[in-house]
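Report on the structure given below.
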Amino acid sequence: MNHADWTRVPTLTGTHARLEPLQMNHIDGLRGALGDGALSKLWYTQVPDAKTMTSYVQAALQVQAEGKVLPFVVFDANDQIVGTTRYYDLQPDVPRLSIGYTWYGESVQRTGVNTETKLMLLSHAFERLECLSVVFETSWFNFTSRTAIARLGAKQDGVLRNHRRHPDGTPRDTVIFSIIDTEWQGVKRHLQHRLDSHA
């Protein structure tokens, strides 16, 4: 494992999606991906709205500079910005990381974009960064996200009660999922099969 890989955001390219390092010049494209802003109205998520997009990106780049996250912008096959995601809770000494802060525009939800994005992120985590485990977290109330994470092949580890706070300040129970290294080949085959169905 090269520890320098834990400090730089890679560019990951597939058929349905491309991931690049998040930059300030992606703000307008991310605002466009929000569409009608329905995602940012979900009280249990941390999706920005058009007005807060600049501060959202600035904050992501600041914690990247502190070595805490590796943030990506997501493009679709038409080279349009459709969302964002990131590695966070980086622990290269384990090695272990989390994938999250993920949101997409409505036009690419339930398409091959998310499946391929997760396949590329997990492939990089397990095969390049040599992770022992990759973690996913979501609010108890985000039933859509919980279902989507389980559909990847991740297993639910448990629920951390009053673990964080939702954006509105209410206590958040966090549902924890993970994929471990010995499960990766099966999960990879499963994701590739799902991706082939979108071809």
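Taken together, the values in this text are just the output of simple stated rules run on the coordinates, not laboratory data. Since the structure is predicted, the reported quantities are computational estimates derived from the model, not experimental observations. Ideal geometry is used to build each Cβ from the backbone, glycine not excepted, and the neighbour counts take in all protein chains shown.
Taken about its Cα centre, segment 21-95 carries a charge dipole of about 180 debye when Lys and Arg each add +1 at the Cβ and Asp and Glu each add -1 at the Cβ. Note on the chain: GNM, Cα springs under 10 Å; of 105, 32, 158, the largest mean-square fluctuation is that of 158. Maximal additional length on extending the residue 50-residue 63 stretch stands at 2.6 nm, based on 0.36 nm per residue less the C-alpha distance. Per 0.36 nm of contour for each residue apart, how much would the distance between residue 192 and residue 144 grow if the chain were fully extended, relative to their Cα-Cα spacing? The residue 192-residue 144 span can extend by a further 15.1 nm. Classify the chain as rounded, prolate or oblate from the Cα gyration tensor: take a ≥ b ≥ c as the square roots of its eigenvalues, call it rounded if a/c is under 1.5, otherwise prolate when a/b beats b/c and oblate if not. Judged from the Cα gyration tensor, the chain comes out rounded (a/c under 1.5).
Could you check what % of the DSSP bridge pairs in the chain are antiparallel, to the nearest 5? Around 90 percent antiparallel, to the nearest 5. Counting only Cα atoms, segment 44-148 measures 37, 33, 29 Å along its principal axes, largest extent leading. What FRET efficiency do you get for residue 163 and residue 3 if R0 is 30 Å and r is their Cβ-Cβ distance, rounded to the nearest 0.05? According to the calculation, E is roughly 0.55.
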